[in-house]
Structures are given as C-alpha cells and as structure tokens.
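Contents: one structure, followed by commentary.
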Amino acid sequence: MNICKSYIISKNGEEFSTSKYCRIEEVDGVNAVYFEGEIDEDIDRELGAVIEIDDLNISKWMADWRKIEFWCVPAFGTEVSDIPNQTQCLLYQNKSEKYGVILPVVSENYKCVLEGNPKGKLESRLYTWMDGFKEVKALAFVFAEGDNPYALIENCVSVAVKLLGNNCKIRKDREYPEIFKYLGWCSWDAFQIRVSEEDLISKCEEFKKKEIPVKWAILDDMWAEVRDFYDAPYETREEMFKLMHSSKLYSFKADPRRFPNGLKTCIHKMNEYGISVGMWHPTTGCWSGIDENGDIFKEYKDLLIKTENGMYIPSYEEEKAYKYYVAFHDYLKDCGTEFVKIDNQSMTRRFYQKLDSVGSVSRQFHNAMEKSVKEHFESRMINCMGMASEDMWNRSLSPISRCSDDFKPENREWFVKHIAQCAYNTLVQGQFYYPDWDMWWTDDSQAMKNSLLRAISGGPIYVSDTSDRSRKEILEPLTFEDGKILMCDSIGVPTRDCLLEEPTCNRKIFKLQNMANGCGILEAFNLNKDNLSVSGTVSPSDIEGLDGEEFAVYDYFSKTIQILKLEDKIEITLNDYDDCKLYIIVPLKNGNAVIGKTDKFISPKTYEFLDGEFKPLEKGEYAFVENNKLIFREY
C-alpha cells in the first residue's frame, strides 16, 4: 500500500494537501493509519479529508458497503475505481494471491469510509457532519495482508477496537443471552400495525395446541399508543407503511384500543404460556417522533430536540438520552418486559447532523441506550436498522444486531439477495455482534431453505407466522423438544472460494460454513439470479479450522456418507433456487465417528460424551460411522 496523497477540504471546497497528514503505526501485525492535520478555515462537514491510496495490486475484491441509510450489502469487482462509496470494509486478493483487508473506523469525531475514484485509486474519506472543525485528528482505518482472510478481518477489528478505546467490544467479549438460545416469535409479519392483545393470546394458544416450543416473543412495531392513524383504513402494504411512517408516539403505554387491559396484563397472560416477552421500540419514539399533544411530550419535553423537519425526538446528549430511555424502560420492565429490540438506529445524519460530530453523537446516544438496557434488561437487546459504521463501532454491551433488511415472504428473487446479504454482512458485523438473520415464515414455500439458513447463522432464530399458520415440522430440525436451538459454535460465513465471487452472476454453488462440536457444518445454495443450474465442489477443506486427516461427509437430506481426505472434493450440481444441500463433516478416528440425531440440522449438538461414554440428548434415530460404514441406531 502506498499513500500517494492526503488532503483536507475546506468548507468552500479548497484543498489543502500535504503528505505529512498521515501517520502509520504497526500494532500486532495490523497497520493503523492516522490522519492528523489542521487548517485555518472551517473544514467541510460532508467530506473533510481524503487519503488517496494506490499500489494495492488488487485482482478482485468484495466491498461491504452501506447501500441505504440502515443496511449494508456486498459488492464485487476487479477494478478499484468500481469500489462503491460508503464501503465499510474492503476484502481483496492481490495479484500475488495474498488477501488484504482495509477497515475504516469511526473515531472520536470523524467517520471514515472507502471509495474508488476514476483514476483507479482508493480513497479513504473522513467527515464529521458538523460545522466548525478546523482540525482532523483521527484513526482513519486499519489494514493488513496475509494468507487467511478470516484471521485478517478478526485481527483488524480487534486492533482497531483496542486503539479506539471507546468501550466497543468484539463479539467474543459479549455475553450471549440465555433467552435467545431458544426459539422465538415476532408479531410484525403476523399482525403488522394492528397487533393486539386478542391476536397475541390467540397465537400463544396456537403454539400450545400445536406443541411448538416458542419461548420468547417480540411485540413489534405499533403496539404502543399512536393516535395518528386511529380508524385510518389501508388496503395495500404501501398504504400501511405510509401510515406507519407518519406515526408519532403519544405515550409509553400500550395502545388502549388494542390492549384494553394494559400491557402488563397482556404480558402476564403470555407468560402463562411459558413465553417471555420483549418489546420493540425505535430510537426516535416512533417513526415520526414524539406526539407534541401527548403525555411524553408534556412530561419529558426537556429531553427532546426538534429536528430540521419539525419532528420531536429524544436528544442525542448522553445525560438527556439516558433519562429518556430510563423513563421508557422503567415502564416496560414494570410491565414484565425481559428484553428489547431497538430499531431505527442508523439515523444519525438525518436527525442529528450539524448538532455535533458523527462520532460524538453516535457514542453518546449509544452509551445512554446501552446503560439503560443493561440496568433494566441485563443488556438483552437486539439492535436493528443499525448497520452504519457509527453504530457498529459504538455499542458497548448489547450482543445481537440485524444483518439484513426485512424478510419478504414468497419472494424467491429477494431470498437470493437475502442469503448473500446475511452471509457477507456477517463477515464484518459478526466480528462485533452475534448476527440476527431476521424473522421468517414456516408456511412460506421457501420455509425449509429459510430454516436451513438460520441453522448455520450462529444467532437467534425466530419466526413470524400469523394466526393458524405455524408449521411445527419446519421448526423441529432446528431445536430440541424444549425449544432450545441447536446452535453452531461460531458465525455462518461464506467459504473461502466464495468470498470474492459475485454469487448471483456466476454458475457456481454458494457455500456457507460453520462449526459445531469439532465438526464442520456446510450448506450449499443456488443463488443464480436467472435461476439457472449451478455447480461446484464440497470438501472438508472448505471448513476453516477443521482438524483431522480423514472425514465422513454426511449428506443430511439423502442420509448418505462419503469418506474423504482433507483436500478431497465432491462435485455437486444444484438445479434451481429450491435446490440446496446440508453436509455434516465429521473427523474420523480409526474409521469411526458420531454424526448425531438424523432429524436435526446441527446434529453434532445432539449428543455428548460423559466419561468417554456416548450420551444422546434426546430420543430418536442417531447416525454413526463404524469402520467407515454408516449405521443408524434408535435411542
């Protein structure tokens, strides 16, 4: 890497260039690039400073970039000039076949993103969204090159977190809540903006009748008192969203029409079914803020600010934001709430620009939010609509974050993009958080693929079927009888041969990998955008960190095995979108191994050894390999 130019841009567009602005420091095998410079004029708030980079010798790349305000998607290419603006992590391979990672950060005041320019150079762009700065002093990005792309990303994140020192943590230092180790359900796709106590209790009754072991539920959008659309009709999904996005929060309480007995009573009734309840709320009160005629405005007006478009929302200032969240969370906890899902997080620029720097704003309101959630719910929180880097780098304790935009039922074209979005976003976001790959329907025509995808994710699993439409048989491969998820040991990410390949435009299979109890978990999908057949290979070497010399490769759906060495490969073809594969790759010892319970996707989690003796964790059929032959036994 060569830094060929660095400059500051003034508010009137003048460039101040000098090579002295940049400083590079090597830390634990990772290079940290600092920008340090000052001018006499105000710095442009939208593009304050630029570091221009060349000599990367990139042959192909994957950019995890923020396509819209809240969500990131992967992009792929071979030309540096095509790297999109708002790239939050760049993974590449150079012409010497070494991998490289460039990871821009959000520092005390400045946010950094990457973009290729027309000259074929890579630009690191820093800005504050705030007027009045005359100095740029920030860690801009970290970078490293090497043979292992997964280790490079992990090391870059770990070093950057350490250098920032802002209480952000890597995923391995965050505690995964016990409640999310079990199957969940969400009200959103089921009841949308008309969610009510009556419907919720009816759904609980359905779970009981069908013996579906849901252990937690999210009361999602529009449970609260919002009077803007009382009696307002809507016929289409678009009209529904228009009503929803125009809504203002009147009070912290549940809507009295749809929850006539109050939120506490509703939660208590749901608890009687063995279901813990979490509450959804956005950072902004509701989608259009706080109702100036309502109870919240009257009591907490001094904790709110008025935005440029006339909305009232909670202040970003840490003390005021903390008091707001405490007031809200006091009520929710008193009602029996056990966790929260906080939405609409990546709204810093829209509502708080020009009030303070992006680094300061995001750090303060996340500190306030995290502190209140820790005190009220022991940090049990799902972060949502918060994939912007200013959010990613500024959460201290909360363990889970959404890695995709919203689920779309019965949409095969969307599902192809969804798999890719979850997988590649998890490469980056999964270094900080356990990935939430969103809710889904068990009666969708792609339900089996959805369940298979969630099984390998390494994060929470929850569905959102409406009344009388939940299918127990779709959920059974994912959990024990008590609803406990058979979770992989790490996060689901693309295999090495898929990292830098656009999976929707080639004729190759797309593979995801994870580990469970020392065994490899490998899934193969067809993501070809034209629904053409795809081909490729499956190998034990696809699993990063898998130990052993010889392996049983168990095909879950055909219940067959092949015995392979580490580098051996199986040729497979997937004919269309609905064709997919699950392989359990188990190290052999003298030709013997345990596959696990045959009706569970993550079968290595269905047994354990106590004092050297095999112990099944649930009754049923188990698969074994003995003398390189597959056998089945009932327990």
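Please give the solvent-accessible surface of TYR273 in Å², to the nearest 10, using a probe radius of 1.4 Å with every protein chain present.
70 Å²
Highest first, please rank the peptides 22-31, 55-64, 79-88 by the mean number of other Cβ atoms sitting within 10 Å of their residues.
Result, highest mean Cβ count within 10 Å first: 55-64, 79-88, 22-31.
Please report the carbon-and-sulfur percent of the accessible area for the stretch 93-218; probe 1.4 Å, protein heavy atoms only, DNA, RNA and ligands left out.
Ligands and nucleic acids excluded, carbon and sulfur reach 43 percent.
Amide H of GLY492 versus every other amide H placed in the peptide plane: which residues, excluding those fewer than 5 positions away on the same chain, fall under 5 Å?
Correct list: GLY458.
From the phi of every residue in the stretch 247-256, what ³J(HN,Hα) in whole Hz does the Karplus formula 6.51 cos²θ - 1.76 cosθ + 1.60 yield, where θ is phi - 60° and glycine or proline is x?
Result, rounded to whole Hz: 7, 10, 7, 8, 8, 6, 7, 6, 4, x.
In whole percent, how big is the carbon plus sulfur part of the accessible area of the stretch 280-411, probe 1.4 Å, protein atoms only?
41 percent
Could you give me the ³J(HN,Hα) list for the stretch 193-202, computed from phi with Karplus coefficients 6.51, -1.76, 1.60 and θ = phi - 60°, whole Hz, x at Gly and Pro?
7, 10, 4, 9, 4, 4, 5, 5, 5, 4
Holding the Cα-Cα limit at 25 Å, pick out from LYS264/LYS605; LYS529/LYS600; LYS203/LYS333 the pairs that are longer than that.
LYS264/LYS605; LYS529/LYS600
Between the alpha-carbon centers of the stretch 39-73 and the stretch 462-520, tell me the distance in whole angstrom.
First find each Cα centre; the distance between them is then 32 Å.
So for the chain, taking the charge dipole from beta-carbon charges (+1 Lys/Arg, -1 Asp/Glu), which of GLY612, LEU56, ILE290 sits furthest toward the positive end?
Toward the positive end, the furthest listed residue is GLY612.
For the stretch 426-530, what % of the accessible area comes from carbon and sulfur atoms, probe 1.4 Å?
After summing per-atom areas, the C and S share lands at 46 percent.
Any idea of TRP65's accessible area? Nearest 10 Å², probe 1.4 Å.
60 Å²
Using the Karplus equation 6.51 cos²θ - 1.76 cosθ + 1.60 (θ = phi - 60°), what ³J(HN,Hα) coupling, rounded to whole Hz, does each residue of the stretch 224-233 give in order, writing x for Gly and Pro?
Here the 3J(HN,Hα) series is 7, 6, 10, 9, 4, 10, 3, 6, 7, x Hz.
Run the reach check for LYS134 against aspartates and glutamates, Cα to Cα strictly under 18 Å, same-chain hits fewer than 8 apart removed. What comes back?
The reachable aspartates and glutamates, counting only those whose Cα sits under 18 Å from LYS134, are GLU14, GLU15, GLU36, GLU38, ASP40, GLU41, ASP42, ASP44, GLU46, GLU108, ASP356.
Per residue, how much accessible area does the chain show when a 1.4 Å probe rolls over the protein heavy atoms, in square angstrom?
With the other protein chains kept in place, the chain gives 38 Å² per residue.
Considering the alpha-carbon set of the chain alone, what are its Rg and its Dmax in angstrom?
Cα radius of gyration and Dmax of the chain are 25.2, 79 Å respectively.
The values are calculated or read from the model by the stated rules, or taken from the named source; none is laboratory data. Since this is a predicted model, take the numbers as computed values, not measurements. As a convention, Cβ positions derive from the backbone with ideal geometry for all residues, glycine included, and neighbour counts pool all protein chains shown. Ligands, DNA and RNA are stripped out before the accessible areas are found, and what is left, the full protein with its side chains, is counted by its heavy atoms. Shrake-Rupley method; radii C 1.70, N 1.55, O 1.52, S 1.80 Å.
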